Structures are given as structure tokens and as C-alpha cells.
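Encoded as C-alpha cells, the structure appears first; notes follow it.
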Amino acid sequence: MNSSTQNQISEERAEYYGKLRGHSCAPLWEHLAQLVTPEPVITAIPHLWDYSKIREDLLHSASVITAEEAERRVLMLENPTLEGKARITESMYAGLQLIMPGEIARAHRHSPGALRFIVEGSGGYTSVNGEKTYMEPGDFIITPSMAWHDHGNDGDNPVVWMDGLDLPLVNHIGAMFMDHYPEEQFPDGQPHGDSYIRYGSNMRQVGATPDRSDSPIFSYPYAKSRETLEKLSKTTDWDPYHGLKLEYIDPTTGGAAMSTISTFLQLLPKDFKTEEYQTTENTTYSVVEGDGRLSVKVKNETKVIKWKKNDVFVIPCWYPHKFISNSDSTIFSFSDKVVQTKLGLFRERRGNN
Ligand SMILES: [Fe+2]
């Protein structure tokens, strides 16, 4: 084919494509290779937020804006490649929220589901549909979709937690709803600890059926989860890819504690090195105890990320990685695994074969 014939085709195609645009159509053959790729092509990158540096910024926010003005005084953790998109990974939102002593973050509800993972401070509480739960570092709290919730701090020191929400997923679908409660706080309902008493002992009242798709236990205390990890570590083989990793579950179904977010707590003993692991999950980690390194392959180069207590880091979809712990470490994490599993999209690769 000579060049004048090629030019003729290009001009013909260009004219044709222009005509298609006018009819709100586009030629798939020009985009297919970018749309359907042999492996995931991910914008988000592995990244760490150093809590010792962010903490200063977060505490500074208390002098910049009140919790009342802000409604939620939160520093969003944005993936460096997703700036301005309120995303820590492609599918999840995360932020660090600060409540000063005596402050109240007013009651509202929304369709995105939320989790809280407590980073520091005592005396903070969350009320979910009127049931109050006090929160200690390492506790995991669920605020289900469309559940009324407000937060406060009855203690003497700042309270900080990590928020994790399925906000990008909900936004993508478009099913976004939010209401403000007319009062500052939702009226007191069931007494503190009621849901744990009802559903936390592997028993339930005959005829009692939870009416929502998230676990009726909305507070998972760290003291209990940590004790479980410690006891299991004496009798359970270490998983070469995860150490000892437990998933928070809904005791009424045995499934994930939240309908759209998978949540985990894992133990890596001192000097533990995991084997290379790759997954379609987009995972955000919060270090509760210990320190170590993450070795992750980014475009055929190995990036080493050092993590320590209270740091947050992310491993987005399909980045091969390994963990190395310097000391006994416990790490909380949340991901979109439960959504991917429901959709039949979850994949993992163990080892580097
Ligand atoms: Fe909220």
C-alpha cells in the first residue's frame, strides 16, 4: 500500500470518526487495547503516610476549624496519583479524623458505608442509630450504609481515627444519598454494648433476625481481637503470604463484617518474611503495633516502604509485594475484596510463578 493510499484512508477515517462523534458513537477498534488490557493497569501507586508527620498537620486543623464548622474534621489521605479525587485507592476513600475533648461531630447518615479504626486517644465515642460505643486504639467500628451516626469525645485528649469508606464505589454507581439529623445528636437508643451482648457470644435470641447487610456487631474491640491473634499464634501455622491474618466477620452469616468493605487484622512475628503475593484487592493498611518494611514491585523496580506504629500505607490492585517485620507487628487493613468476590472478579497469585 503506498503512502498516498494510506493518507486517503486516514482522511476517510478521520471524516468518518468525526461523523460518529456527532451521533454520540465511537469506534471501539481505536480504543480496545486501552480498554481491555491483559493485566490490570492501575493509576494508584503504593504509598505510605507517616503518622508522625501527619499528626502535626491534623492537630493543627483544630486551630483552623471547629468540628461544628467542619461537620467532620478530617484530613483525606489521597493517593499521590489520584490528587483531588478523594481516593486512597481506585475504589476506597480514607481519612484521619480528629475530635478534640468536648467536641461533637453532628448526626448524619449517608449511603456510603464507613469504618473507623482508632489510632490514638481514649474517651472518643461513636453513636450508631442511638447506640453509643466508646473507642480505644485498635478498635474497629462499623457505620453501615444509611445508619444515623454522630461522634464525640468525653476524654481529656485528642482522639484520632482512620475513616475508611466505599465512597468511590458508591459515587461510581451514582447511588449517593445523605441526610442531616435535625438535632446535633441522634437520641439515645439501646444501651452501650447492647449489640455485642446480643450477637457477640455465638448465640442469638430465637426469632431475632438482623435487618441489614452489615454485621449487627458494630464495634470490634482490639483487646479481644489481639488476644485471639496471640492465642491462635501458639497453635496455628503461619501463612507464608500473610503471617496470621484474620477477617472480621458478621457472626450471623459468617461472611464479611461489612457488605462492601473487607476488614482484617494480621500478626507478623519478629523477623517474619512473607512470600511474594499479588491480588486484585485494593488494600489500605494501618499499623497498630511494631515496625517493618514492605517490598513492592512497581514497573519492574522494587520499592521499599518502611512502616511503623500508626502509619497508613496502601497496596493497590496487582502490585506484587512482600512484608518483612522487624518486631512483633499487628496491622489492620481494609479492601474491596468482598465486592470483587461477589462480582466474581477477585484474583490472587501466590509466589512469583
Ligand atoms: Fe458520616
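The values are calculated or read from the model by the stated rules, or taken from the named source; none is laboratory data. The structure displayed is predicted, hence computed values, not measured ones. A quick note on method: Cβ atoms are made from the backbone with ideal geometry, for glycine too, and the neighbour counts reach across all protein chains shown. Heavy atoms of the whole protein, side chains included, go into the accessibility calculation; ligands, DNA and RNA do not. Shrake-Rupley method; radii C 1.70, N 1.55, O 1.52, S 1.80 Å.
Some points to look at:
- Pairs where the first residue, in segment 298-310, is closer than 26 Å to G138 by Cβ and the second is surrounded by fewer than 14 Cβ atoms within 10 Å (Cβ to Cβ) and modelled with pLDDT of 95 or more, C-beta under 9 Å, 6+ apart: K308/S52; N310/S52
- Any hit, segment 53-75, residues being within 27 Å of P221 (Cβ to Cβ), away from the ligand (no atom under 13 Å from the Cβ), in a loop (DSSP other than H, G, I, E, B) and among the aliphatic types (A, V, I, L, M): no
- Among residues of segment 134-153, those that are open to solvent by less than 10 Å² (accessible area, probe 1.4 Å), under 15 Å from A114 (Cβ atoms) and among the polar types (S, T, N, Q), counted: 1
- Selection status of M162, of a type outside the set (K, R), more than 17 Å from Y220 (Cα to Cα) and either buried (at least 17 other Cβ atoms within 10 Å of the Cβ) or within 16 Å of the ligand (Cβ to nearest atom) (or both): no
- Number of the condition not met by P216 [criteria: (1) at negative phi; (2) surrounded by fewer than 17 Cβ atoms within 10 Å (Cβ to Cβ); (3) in a loop (DSSP other than H, G, I, E, B); (4) without any contact (Cβ under 8 Å) to a residue 40 or more places away in the chain]: (2)
- Those residues of segment 227-251 which are of a type in the set (S, T, Y) and touching a residue at least 24 places away in the same chain (Cβ under 8 Å), in sequence order: S233, Y241, Y248
- For beta carbons closer than 7 Å, sequence separation of 6+ or different chains, a first residue in segment 271-296 that is over 10 Å from P320 (Cα atoms) and a second that is open to solvent by 20 Å² or more (accessible area, probe 1.4 Å) and of a type in the set (D, E), the qualifying pairs are N282/E90; E289/D328; G290/D328.
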